[in-house]
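The values are calculated or read from the model by the stated rules, or taken from the named source; none is laboratory data. These numbers come from a predicted model, not from an experiment. Reconstructed Cβ throughout: ideal geometry from the backbone, glycine too, with neighbour counts over all protein chains shown. When the accessible area is computed, the model is the full protein with side chains, heavy atoms only, and any ligands, DNA or RNA have been set aside. Shrake-Rupley method; radii C 1.70, N 1.55, O 1.52, S 1.80 Å.
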Amino acid sequence: MLNVDEAQEIILAHTKLSRHVQKGILEASGFALAEEIHADRDYPPFNRATMDGYAILSSDLNDEHIKEFNVTREVFAGMPAGESIVSGNAVKIMTGAMVPDGADAIIQVEQSIQTGPHVIFDVTEIQAGKNIAQRGEDAKKNDLILSKGHVIQPYVISMLATLGINKVQVYDSPTVAILSTGDEIVPIDQPPLTHQIRDSNHYNLKSSLQNYWIVPSYYDIVRDTKAELEKAIERGLKEDILIISGGVSMGDADFVPDVLASFGVKKLFHKVKIKPGKPLWFGETETGVVFGVPGNPVSCQVVYKIFIEPYIRKVMGLGDMRRLKLPLAEGHRIKGERTVYFPCKIRNGDHLSALIPITNNGSGDVTAAIGSDGLAVHPGDLSFLEEGTQVHFYPWRLLW
Ligand code: AMP
Ligand code: MG
C-alpha cells in the first residue's frame, strides 16, 4: 500500500495544466497568471518629486555666490515639468510632480523660507538625487513585472491597473462532476427513513470547490448497481475531474473500481496508508482523472484536503498548499501504522499557537470536525507524540 507522500506524488504527476481563459482583472482575483506581464513604459515614467519643496541644482548649495534662489515658477503633479532649470534658480514643486531637467535634488518645504520671489534654505548641502524618484528606478520599459503562475491578489491587480491592463490570461478552473453513491443516500430535502443517510459529501465537496470557482457541471446520487453506476460514470467522465463518493471499499456493493475499469479508466492506485481515507482510488483517462473517495464524511473531508485540493491547485497553476507547523497542546496517540489526519483547533498563545485535538468517534462521526480549524498530521511510524511536538497542520480555510 502506498504511503501518503507516494500517493500525492502520483496524483500530482498526472495533472494536466488547465486551459487558459481571459478574465477581467477583478474577476481574475485568486487565479494564476497564464502570461507574462511586462512594463509598458519606465516606472516612474519621469523623475518624480517625493516631497513638497524646491527643485534645485544640488551643487548650487556649495556656491558661495548664491545667497538666495530665484523661485521662477511652480510645478504641480499632473503638469509637464517645463523648461530646464539653471543655476541660481529654484522651482517650487509638489509631491508627485515631474522634476524639471537640470534639477537634481529637492529641498523640503519645511527647510525653506520663501519671501516673494526668493527662497533661502536652512541646509548647506544636499545629496544629488535627494527626494527624487528617478525615472525607471522601479522598472524599465519591457522589464518582466509578473511571471506566469503569479497568483492574482490585490497588489497584483494594482500593478496591472498601473500598467493599463484590464484583462489577463489565467489558468481556468477544471470542470468537475460529483457522484454520491450508495443505496442509503438520499437528497438533502428528502426525509430519510431510519436506514437512510442524507448526502452530505456532495455539499462538503461543492463548498470546498467554491474556493476555486468550481461549480460541478454534473451531480447525481447513484444507487449501488452496476447499471446505475455505468450510466452516471459515463456522463461524469466527460469532465476534467470526476469525484465519486462511496463504493470504493471492500463491501459486496462496492462496484466503483470495476465499473471504472470497464470504461478503460486506468487505475493508478487503490488504497493509501492514511486514516481516515484508506480506500482512496485514483485513476486517469485520456482527458481527466477520477478520485474514488471513501464515503465517510470525515474521510471525504480529509481526502479532499490532502489529495484533491493539491491536484486542483496544480491544474490551476497555483502554488503548493500552505502547510503550517505547530506544536500539539496535548499528547496524541494512534494505533496502527497509517498516518492519521485529525481535526484540531488552534489555541492562540502570546508567543506560539498550539493545536488542540478535537475528540471524536472516528471517520463516521458526523460531528468530528465541528470546532476544528484544520487537520493535523500524526505520522504512522510514531505511536505517540508528546505535548509540544511540532506537527504539520492544514487549515481548512485557505491561506492562498
Ligand atoms: P462507503 O464508502 O460507500 O462504504 O460508505 C462509508 C460510509 O459513509 C457509510 O456509512 C455511508 O453511509 C457513508 N456515506 C457514503 N456516502 C455518503 C454521503 N454522500 N454523504 C454522507 N455519508 C455518506
Ligand atoms: Mg457505499
Elements of type strands (runs of 3 or more DSSP E) in region 1-99, at least 2 residues being closer than 30 Å to Gly283 by Cβ: 20-24
Scan region 228-245 and tell me whether some residue there is open to solvent by 40 Å² or more (accessible area, probe 1.4 Å) and within 16 Å of ligand 2 (Cβ to nearest atom). yes
Does at least one position in region 224-243 carry a residue that is among the β-branched types (Val, Ile, Thr), more than 16 Å from Phe291 (Cβ to Cβ) and in the same structural domain as Ala13 (by TED's automatic domain parsing)? yes
What are the residues in region 295-313 that are crowded, with 24+ Cβ neighbours inside 10 Å and within 16 Å of ligand 2 (Cβ to nearest atom), if any? Gly295, Val298, Ser299, Cys300, Val303
Taking into account only those residues within region 148-192 that are of a type outside the set (D, E, K, R), assigned to a loop (DSSP other than H, G, I, E, B) and without any contact (Cβ under 8 Å) to a residue 24 or more places away in the chain, which is surrounded by the most Cβ atoms within 10 Å (Cβ to Cβ)? Pro192
Enumeration of residues in region 128-145 that are open to solvent by 100 Å² or more (accessible area, probe 1.4 Å) and in contact with a strand residue (DSSP E or B) (Cβ under 7 Å, 6 or more places away or on another chain): Asp138, Asn142
Filter result for Leu209 (more than 16 Å from ligand 2 (Cβ to nearest atom), open to solvent by less than 50 Å² (accessible area, probe 1.4 Å) and either more than 30 Å from Ser147 (Cβ to Cβ) or in the same structural domain as Val289 (by TED's automatic domain parsing) (or both)): yes
Complete set of residues in region 60-74 that are over 54 Å from the mean Cα position of the chain (by Cα) and surrounded by 16 or more Cβ atoms within 10 Å (Cβ to Cβ): Ile66, Phe69
Considering only region 247-275, how many residues are surrounded by fewer than 23 Cβ atoms within 10 Å (Cβ to Cβ) and within 10 Å of ligand 1 (Cβ to nearest atom)? 5
I'd like to check which helices (runs of 4 or more DSSP H) are fully inside region 195-289 and have at least 3 residues that are in contact with a Lys or Arg (Cβ under 8 Å, 6 or more places away or on another chain). 256-262
Among (1) surrounded by 22 or more Cβ atoms within 10 Å (Cβ to Cβ); (2) in a loop (DSSP other than H, G, I, E, B); (3) not aliphatic (A, V, I, L, M), which single condition is Gly292 missing? (2)
Which condition breaks for Asp122 when tested against (1) more than 18 Å from Ala39 (Cβ to Cβ); (2) open to solvent by 80 Å² or more (accessible area, probe 1.4 Å); (3) touching a strand residue (DSSP E or B) at 6+ places or on another chain (Cβ under 6 Å)? (3)
Within region 274-290, can one find any residue that is touching a Ser or Thr at 6+ places or on another chain (Cβ under 6 Å) and away from ligand 2 (no atom under 16 Å from the Cβ)? yes
